[in-house]
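Take a look at the structure set out below.
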Amino acid sequence: MDKRLKQDIERMIEFINNDTDSELIKDWYIKGPPEDCGYMWCKYDTPFKKRVQQKVWSMGYESSAYGWFQRVIEDYIKNNK
């Protein structure tokens, strides 16, 4: 894992762990988005999902990198429960 990605994952996990809805966020990543739309097109229809979306965008992950980074977060959470 390159240095920037490692730092970004650490920042994102810290963000999630410090969120008031931390367990909901982790459960959402464990479940994953609907298969027919992935993270790019799934509904960000709760306050915690909107906060996560904004955080990922603020870190510079847009377009296809957005979906990819969401999957990196998902994998990290699933493998570090």
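The values are calculated or read from the model by the stated rules, or taken from the named source; none is laboratory data. Small disclaimer: the values here were computed from a predicted structure and weren't measured. Please note: Cβ atoms are built from the backbone with ideal geometry, for glycine as well, and neighbour counts cover all protein chains shown.
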Of all residues in segment 1-44, which are over 19 Å from Asn79 (Cα atoms), of a type in the set (Asp, Glu) and modelled with pLDDT of 95 or more? Asp19, Asp21
Does any residue of segment 48-70 turn out to be outside any loop (DSSP other than H, G, I, E, B) and touching a residue at least 60 places away in the same chain (Cβ under 8 Å)? yes
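Taking Ser63 as the residue in question, decide whether it is at pLDDT below 95 and hydroxyl-bearing (Ser, Thr, Tyr).
The answer is yes for Ser63.
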